[in-house]
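Reviewing the structure listed below.
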Amino acid sequence: MVIDLRQLSVDKDVFDIEHKNISGIRMFNRRNFLIKAISSLLYLPFSGCAKAVGPSSIKHEHRVNKLSDSPNFNKSTKRFQHPAGDLHDKSFSDLFDFFAEYFRRPHDKWERIGFPVRKSRKNELENFNKNVVWVGHASIMINHSNLTILTDPHFSGYASPFSFMGPKRITEVPFTIRELPPLDVVIISHNHFDHLDEQSIRQIAIYQPEVKFLVPLGLKRLLLGWGANDVTELDWWQSIKIKGATFQPTPVQHWSKRSAFDRNETLWAGWMTQWQDFSFYFAGDSGYSNDFREVSKRLGNPDLAAIPIGAYEPREFMKSAHINPEEAVMVFNDLGAKRAIAIHWGTFKLTLEEMDEPPHRLKRALEIAGISKDRFRVLQHGEFWPESLS
Ligand SMILES: [Zn+2]
């Protein structure tokens with residue numbers, strides 16, 4: 001199947017070009033836009049041809065020296081690798097088919113209007129204590145035992161290398177970075193644009209220069225370049241203790257890519273955080289694998305897990321990288337989680353399922369599995385967990 005380029009050039013719901021307001025692109029014309037639109041395909045978080053060779057391999061040579069000691073680094077490909085292999089290695093033909101479908105999709109109601117947001121009150125954020133809130137997509141803020149953690153912060157309008165085009169935010173953020181309470185730790189799962197947002201990191205680093213960033217191997221230099229002062233990069237199963245809590249990245253079946261030629265040059269991870277009396281597992285982004293059983297076997301059952309439920313269609317294309325709601329329930333069981341929050345849905349239009357399908361399918365899957373929806377909750381954007389977490 002071939003992409004209809006005329007479709008690309010007029011699909012303003014996807015790219016929402018606000019060229020009137022953006023300095024430097026007043027010279028906008030159709031040809032420039034087409035070039036940008038096509039090049040953006042290389043960056044979109046769910047694209048994935050692995051057979052990239054090119055200029056980055058030169059840069060790669062001296063970076064490998066630091067990273068190649070990792071048992072998760074494949075010395076022949078000079079890329080990180082999950083034990084199951086690089087399952088999301090798509091051909092150009094698969095990618096074109098996917099994008100052709102993506103750009104021709106019918107736009108559902110939620111994609112047009114977004115989901116309702118629970119706006120936090122000032123005092124709720126100022127006194128954020130022993131609680132958890134879903135900020136949106138993969139961003140969770142949690143406080144336990146005087147430690148506040150934010151995962152994969154994303155407060156921008158697009159999950160994209162561009163500030164004006166790409167997968168657009170459809171549901172607004174419940175509060176701004178300036179309104180965040182003092183953070184101790186920011187956890188990053190991987191470098192895809194819907195999880196690692198440059199502007200959000202830069203702003204957090206400005207407003208909260210003391211915050212500690214924890215990243216998987218290979219991402220430290222990028223965050224330091226964005227103004228972060230305190231960045232620690234870790235391999236799967238390595239650990240670090242901060243204010244009485246132990247943080248550990250864990251394997252997940254996923255991949256990384258931020259430009260045309262850097263596929264899997266940096267690691268990706270889920271994260272377990274363990275206090276003496278509580279534990280929180282953040283799955284980040286993952287296809288279904290045995291990793292979650294391994295996590296519970298090695299690190300115990302989390303008291304709370306953040307598990308993705310969206311961005312899974314078309315199934316054959318996405319299943320190596322993203323679980324669906326039924327698999328999310330399997331992950332919940334594999335982890336032996338006491339409670340979970342559904343993440344990775346309702347915020348950016350990444351894939352082809354209707355925006356409100358993930359929570360409906362999760363509800364059915366939980367009923368079939370005999371798990372109360374009060375244990376695996378679908379929160380609204382900005383909603384706090386309604387009961388005590390302890
Ligand atoms: Zn991803």
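Coordinate-derived values only; no laboratory data. Note that this is a predicted model, so its numbers are computed, not measured. Here the Cβ is made from the backbone with ideal geometry for all residues, glycine too, and neighbour counts use every protein chain on show.
Summary table below
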item	result
Normalised contact order of region 109-377, rounded percent, pairs of Cα under 8 Å and 6 or more residues apart	16 percent
Cα gyration tensor category, rounded, prolate or oblate, for region 167-207 with a/c compared to 1.5	oblate
Ordering of 192-204, 302-314, 238-250 by packing [mean C-beta count within 10 Å, highest first]	302-314, 192-204, 238-250
Overall form of region 109-377 per C-alpha gyration tensor (a/c, 1.5; a/b vs b/c)	rounded
Cβ charges +1 (Lys, Arg) and -1 (Asp, Glu), total dipole of region 109-377, debye	420 debye
At 0.890 mPa s and 25 °C, Stokes diffusion of region 239-390 via Kirkwood alpha-carbon radius, µm² per second	153 µm²/s
Over 21 Å between alpha carbons, listed pairs 220/241; 66/220; 257/338; 75/319	257/338; 75/319
Extension reserve of the residue 110-residue 122 stretch, reckoned as 0.36 nm per residue once the Cα distance is removed	1.6 nm
Antiparallel bridge percentage (DSSP; both residues within region 109-377; nearest 5)	55 percent
Amide H partners (placed H, <5 Å) of residue 340, local residues excluded	305, 376, 377
For region 207-255 and region 300-370, distance of Cα centres in Å	25 Å
Environment charge at residue 145 (Cβ cut-off 15 Å; Lys +1, Arg +1, Asp -1, Glu -1)	0
Alpha-carbon radius of gyration plus Dmax, which is the widest Cα pair, for region 112-208 in Å	13.2, 40
When each of 119/243; 130/363; 168/349; 109/363; 212/297; 212/243 is checked by Cα-Cα distance, pairs over 18 Å	119/243; 130/363; 109/363; 212/297
